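What follows is a single structure, written as structure tokens, with notes after it.
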Amino acid sequence: MNVNLENQVDTKIIDEIMSKHKGKPGELLTVMEEVQEANDYKYLDEASMGYISSKSKVPLSQIYSVATFYSFFNLKPQGKHTIIVCRGTACHTKGSKILLDDLTTLPGCKDAFDAGETSFTTDDKLITIKTVACFGQCALAPVVAVDGVIYSNVTSEQIKKLLENLQEENKDENIRLS
Amino acid sequence: MSTSYQLKRADFIFKNENDWEDVLRKSISRPPNELINELISSELKGRGGAGFPTGLKWKVTSEEVNDVKYVICNADEGEPGTFKDREILSRVPFKVLTAIAICGHVIGARTGFIYLRGEYFFLQNELNKAINEFEYYCKEIKFDFKIKIFMGSGAYICGEETALFESMEGKRGEPRNKPPYPSSFGYMGKPTVINNVETLAHTYTIFKYGSKRFYDLGVQYSRGSKLFSVSGDTPKPGIYELELGMSLADFVEEFGDDDTKAVQVGGASGFLVPRKRFAETNIGFQGKLVGISLPTGGSMMLFNSSRSMFNVLDNYLNFFAEESCGQCTPCRVGCQQLLKGIKAVKRGEKNAQYLDKMLKLAETMQFTAKCGLGQSVGNSFSSIVENFREEMIY
Ligand SMILES: Cc1cc2nc3c(=O)[nH]c(=O)nc-3n(C[C@H](O)[C@H](O)[C@H](O)COP(=O)(O)O)c2cc1C
Ligand code: SF4
Ligand code: FES
């Protein structure tokens, strides 16, 4: 697939990452994490996984099975911005489903989630929508994270504002909700 | 019991004491056996959920003959509704580091790990700074001990101790068969003590003040205090340290919103207690107390009468279906079946008797699933379906 070739991580970078962690227990996970981070679209592309496999002599099937096991590994290109909605019980009872519904108005998003996908990225690779089982911030439910920043007691109005802010050209980095 | 018991606040864990250097130095100058006996007489039990006696765990691991052993602090904190470990690590990190090192002294380990939940990446910098300062002091007093952070990659099952080892070894986090237990065959096949963050913080209190201070809190079989993560329909969500053994009625009196219909004790893998059972339910470990004793990792979620128990159960089952590692059939298939089943009953496609079939399935999972995840699905399932049957039906 073309898109993978374009997005693959430079093998020199992979070599560096691999030699940095060589021989450490559990190195495979760390290597995979850093290679994903080195990818412009923050995912493990097929070519890079193949390269890790051939270099480390770990079968590709094993690398793939690790990648699919942990939710931090992405097998698809990720958007420039990420919005994560908590679907934990505390957030769920305080209306996080409504927040997710507000986001799934993005074209194609609802279909993806209805089909059982756990993450969705817009075609222009601007925004990724995901859910998490619990942020460990339940006292502040419902909780949403935008590019790693936690927002608490989020309302429907506010999530729309956050989404719009990301879609605008001149994003306000320090957006305040109240 | 419950009529005479009042909510008793305690303040040990977060009390800011800048004496970790003293506690460390004094403790590692005591013989391991003495420290083990201190822990045993405190009757501290694990705060990660399972409630295994901590002193005994350290004792059996100390008796293993091996040059390499490990101490692991379980900071995976993935149970929805639990957020106490994060708070401990950010507010009193040195207590935890000190406890890890003392455990190393007791069992004969030179390396400790903190397995930090991936979602808590923001704790990493501060924690690494604390570790540097800590290791610097260890060097100064010629105590050879290293602590490293291992970041999780977003899988709830990795909180289970053997799955955690697998994950640290760079594999899929799938639970192992037990036995062998971590005390003889843990991380990298070496004898390992793995304790919850809060458990370790309590050992600090015990080594500092002696076991009696701890033992005098709580009730029989459930000694000491415990952090509770309070959330849901409550005017004051947050973290509270309370003595164990309180009755749920007293708890609701304090934290409820005057309309509490039920409390989920222990998160998705715990039990739902309906209002009519508040008075007879105590929070602590199993024992011969009057009424029912419910253990908990500390999650207390309150629901008021506006909440649908069907939605709550649906949410839990979605969680389990998502987080099941899929290794064993009862859990992999069971979670899906229960989830589909309650939806079918709700939509009227199956009749109410189908709920009884599912209760049997949940019970079977309890005995046949390989690890605590699959075994505990039945806890919330049965307690919700039995107590709120009418809400499950179309
Ligand atoms: C599915 C599952 C998830 C678990 N998650 C955690 C966790 O996040 N943190 C934790 O301390 N213990 C967790 N445990 C319990 C651990 O397996 C282990 O019993 C505990 O870390 C022992 O520490 P303690 O004796 O101090 O409680 C989990 C168990 C199971 C079955
Ligand atoms: S009970 Fe569930 S989570 Fe545990 S080993 Fe079996 S499939 Fe995996
Ligand atoms: S349930 Fe959302 S942060 Fe815990």
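So what's the back-of-envelope 222 nm ellipticity for chain B, counting only DSSP H runs of four-plus at -39500 (n - 2.57) apiece and dividing by all residues, rounded to 500? List each step's numbers first, then the result.
Values: 15 runs with 174 residues, N = 394.
That comes out to -13500 deg cm²/dmol.
Choose one of B:127, B:56, B:113: the residue whose Cα lies farthest towards the positive end of the charge dipole of region B:25-173 (beta-carbon charges +1 Lys, Arg; -1 Asp, Glu; about the Cα centre).
Of the options given, the answer is B:127.
Along the Cα-to-C-beta direction of residue B:141, a point sits 7 Å from the Cα; which residues of region B:95-135 have their amide N less than 15 Å from that point?
B:95-106, B:133-135
Kindly identify residues of region B:155-179 having a loss of at least 50 Å² in accessible area between the isolated chain and the assembly of all protein chains, probe radius 1.4 Å.
B:170, B:172
Residues in region B:212-243 near a label at residue B:8, defined as backbone nitrogen under 20 Å from the 7 Å Cα→Cβ point?
Residues B:212-229, B:240-243 qualify, since their backbone N sits under 20 Å from the label point.
Please give the per residue accessible area of region A:98-167, computed with a probe of 1.4 Å over protein heavy atoms only, in Å². Walk me through the numbers on the way to the answer.
On the way: 3100 Å² over 70 residues.
Ligands and nucleic acids excluded, the result is 44 Å² per residue.
Reachable lysines from residue A:125, Cα under 26 Å, same-chain residues fewer than 8 places away excluded?
Answer for residue A:125, where 26 Å is the Cα cut-off: A:12, A:42, A:76, A:80, A:97, A:110, A:160, A:161, A:171, listed by chain and number.
State the Kirkwood hydrodynamic radius of chain B in Å, one decimal place, computed from all pairs of distinct Cα atoms.
21.7 Å
For residue A:12 and residue B:308, FRET efficiency with R0 = 51 Å and r from the beta-carbon atoms, rounded to 0.05?
E between residue B:308 and residue A:12, to the nearest 0.05, is 0.40.
Between residue A:150 and residue B:17, what is the spin-label point distance in nm, taking each point 7 Å from the Cα along the Cα→C-beta axis?
Going by the 7 Å Cα→Cβ label model, 2.7 nm.
What distance in nm separates the simple spin-label points at residue B:259 and residue B:148, each placed 7 Å from Cα in the Cβ direction?
5.3 nm
Run the accessible area of region A:2-69 with a 1.4 Å probe and give the carbon-and-sulfur part as a rounded percent. Write out the running numbers ahead of the final one.
Numbers: 1920 of 3700 Å².
The C+S portion of the solvent-accessible surface of region A:2-69 is 52 percent.
Starting from a Cα-only point model with no solvent, please compute log10 I(q)/I(0) by Debye for region B:309-393 at q = 0.19, 0.24 1/Å.
-0.73, -1.15
Whenever you get a sec, compute what percent of the accessible area on region B:121-276 sits on carbon and sulfur atoms (1.4 Å probe). It would help to have the intermediate numbers written out before the result.
On the way: 2810 of 5750 Å².
Carbon and sulfur atoms account for 49 percent of the accessible area of region B:121-276.
Would you kindly state how much longer the chain becomes between residue B:177 and residue B:128 on full extension, computed as 0.36 nm times their sequence separation minus their alpha carbon distance, in nm to one decimal?
On the way: separation 49, 0.36 × 49 = 17.64 nm, distance 3.32 nm.
Here the segment from residue B:177 to residue B:128 would lengthen by 14.3 nm.
How big is the charge dipole of region A:81-168 about its Cα centre, in debye rounded to the nearest 20, if each Lys and Arg gets +1 on its Cβ and each Asp and Glu gets -1 on its Cβ?
Values: 8 positive and 11 negative charges, 76 e Å.
Result for region A:81-168 is approximately 360 debye, rounded to the nearest 20.
Return the long-range amide H neighbours of residue B:45 (sequence gap of 5 or more, or a different chain), with a cut-off of under 5 Å between placed amide H atoms.
B:54
Pop a pseudo-label 7 angstrom from the Cα along the beta-carbon direction at both residue B:26 and residue B:220 and give the gap in nm to one decimal.
According to this spin-label approximation, the distance is 3.2 nm.
Please report the buried accessible area for the interface of A with B, total over both chains, probe 1.4 Å, in Å² to the nearest 100.
Values: alone 10630 and 16850 Å², together 24660 Å².
Approximately 2800 Å² gets buried when A meets B.
Note the per residue figure in Å³ for the convex hull of the C-alpha positions in region A:2-69.
Values: hull volume 5.4 nm³, N = 68.
Expressed per residue, the convex hull around the Cα atoms of region A:2-69 is 80 Å³.
Kindly tabulate the residues in region A:24-41 with an accessible-area decrease of at least 20 Å² between the chain alone and the assembly of all protein chains, using a probe of 1.4 Å.
Those residues are A:25, A:26, A:29, A:33.
What's the tally of Lys pairs in region B:131-214 whose alpha-carbon atoms lie under 18 angstrom apart, where the two lysines are 8 or more places apart or on different chains?
Details: B:139/B:148; B:146/B:190; B:148/B:190; B:171/B:190; B:178/B:190.
Value for region B:131-214: 5.
Whole percent per 20 Å bin, from 0 to the bin with the longest distance: what is P(r) over all C-alpha pairs of the protein assembly as shown?
Final binned percentages: 20, 54, 25, 1.
Name the residues of region B:312-345, by number, that are at least 30 Å² less accessible with every protein chain in place than in the isolated chain; the surface is that of heavy atoms, probe 1.4 Å, without ligands or nucleic acids.
By number: B:315, B:322.
On average over all directions, what projected area in square nanometres does chain A have, based on the convex hull of its Cα atoms?
Working: hull surface 47.1 nm².
Mean shadow area of the hull around the Cα atoms is 11.8 nm².
Write down the accessible area per residue of chain B in Å², having rolled a 1.4 Å probe over the full set of protein chains.
Details: 15510 Å² over 394 residues.
Value for chain B: 39 Å² per residue.
The values are calculated or read from the model by the stated rules, or taken from the named source; none is laboratory data. What you are looking at is a predicted structure, and each value in this text was computed from that prediction instead of being measured. Heads up, the Cβs are rebuilt from the backbone with ideal geometry, glycines too, and the neighbour counts pull from every protein chain shown. Areas reflect the complete protein model, heavy atoms only, side chains present, ligands, DNA and RNA absent. Shrake-Rupley method; radii C 1.70, N 1.55, O 1.52, S 1.80 Å.
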